[in-house]
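Before I ask anything, let me first share the structure, which is written out below as structure tokens.
The values are calculated or read from the model by the stated rules, or taken from the named source; none is laboratory data. Remember, it's a predicted structure, so these values are computed and weren't measured experimentally. No Cβ is skipped: glycine too gets one built from the backbone with ideal geometry, and neighbour counts run over all protein chains shown.
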Amino acid sequence: MDIDLRNARLANAALVVAIAVVAIFIGAGCASSPKILAKPILPEPPSAPKARFETLEEAVVSPVTLNANKSDVYQIRQTQPIAIMSFQEARAGSSGSGALVADSIILELQRRGYRVIEREQIDKIRKEQLQIKEGESALSDLEIAKRISQMVAAEYFLIGAVTDYASESRDVSLSKVVVKSDAERYEREYAEFMEKLNTSYASECEKHNKAIAERKGIGERCAPAAKARTLDEWQDEYFNQSRKVFSTVARVGVTAKLVDVNTTKIIWVGQANIADTNLQRGMTRIVSKMVDDFIGQPGQVKR
């Protein structure tokens, strides 16, 4: 009986020792197992900006390009008569454009309340002057303008030429452009994305890669993050995507000089160009821009 009890005690002691040994080995194994390091999550880039095709107006119609120079400080009062002669036509196939431009300027000045001597009256006197002086050396438009102004009691004289007045029907490319309202959204989200990418994400990646380098754990290293496209880069990509439409494309070009009859000086000279889908509208826009410049700002009244 004593022998059996003693054997049982020895067996229990051996079991305890075995369990302890196993526990030690398991603990040692757990201690040596490497820690898994989670890779930082890349911020979500903004979604692509919405795009649309240009309208025909956007593709063809250009702002009026006006190059003008005022040689003197002057002010034209509404009571001072302005004489306007038919503009010369420097381009073949633009027959009648000189008279059309002159008439448009007359109508614009009259609409603003200025006194204008009728073009037909000026042209009639001009023809008479040319016939009377045909035996003399050729007179310049400026010399003729001065003589006619004295005859009709004008204080200012406007002369000029139509340098371009043509239209053609052809294919027009309409490019894709970023929708303006969505461009604001994209720029805001792009700024937020770049801020996160360059601050919190960059800091987390630096710590993550350092921990791997120092063997504090294992995991996938952070690679340099690809940056989101800028709005300009998206626009460049969209711009190469186009479709064609058949349309009329018109070009109008005008030069003009304003002469002060009393001083015989050219006090204003201007040259303007424009592209439009309609000749008449293009001419009207040029005339309005030129009158704004040599008379004053739109709607400004000078008495």
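Filter the range 203-234 down to residues that are farther than 16 Å from residue 44 by Cβ, of a type in the set (A, V, I, L, M) and surrounded by 11 or more Cβ atoms within 10 Å (Cβ to Cβ), then give me how many there are.
Qualifying residue count for the region: 4.
In addition: Tell me which of these residue 190 doesn't satisfy, since it passes every other one: (1) hydroxyl-bearing (Ser, Thr, Tyr); (2) within 29 Å of residue 276 (Cα to Cα); (3) surrounded by 12 or more Cβ atoms within 10 Å (Cβ to Cβ).
(2)
Among the candidates 255, 248, 277, single out the residue that is within 30 Å of residue 74 (Cβ to Cβ) and either in contact (Cβ under 8 Å) with a residue 24 or more places away in the chain or in contact with a Lys or Arg (Cβ under 6 Å, 6 or more places away or on another chain) (or both).
255
For the range 191-245, which positions are out of contact with any helix residue (DSSP H, G or I) (no Cβ under 8 Å at 6 or more places or on another chain) and among the aliphatic types (A, V, I, L, M)?
191, 194, 197, 202, 211, 212, 213, 223, 226
Is it the case that residue 192 is at pLDDT 90 or above and of a type in the set (Asp, Glu)?
Numbers: at pLDDT 90 or above: yes; of a type in the set (Asp, Glu): yes.
Judged against the criteria, residue 192 is a match.
Here's something else I'd like to know. Looking only at the range 157-169, decide whether some residue is at pLDDT 90 or above, loosely packed, with under 13 Cβ neighbours inside 10 Å and within 30 Å of residue 96 (Cβ to Cβ).
Yes: the range 157-169 contains one or more residues that are at pLDDT 90 or above, loosely packed, with under 13 Cβ neighbours inside 10 Å and within 30 Å of residue 96 (Cβ to Cβ).
Residue by residue, here is whether (1) small (Gly, Ala, Ser); (2) closer than 28 Å to residue 100 by Cβ; (3) at pLDDT 90 or above holds:
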| site | (1), (2), (3) |
| --- | --- |
| 185 | no, no, yes |
| 254 | no, yes, yes |
| 263 | no, no, no |
| 273 | no, yes, yes |
| 278 | no, yes, yes |
| 286 | no, yes, yes |
| 291 | no, yes, yes |
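When both residues are 6+ apart or on different chains and their Cβ atoms are under 6 Å apart, which pairs have a first residue that lies in the range 106-131 and is not assigned by TED's automatic domain parsing to the domain that holds residue 287, and a second that is exposed (fewer than 13 other Cβ atoms within 10 Å of the Cβ) and modelled with pLDDT of 75 or more?
Hits for this filter: zero, empty list.
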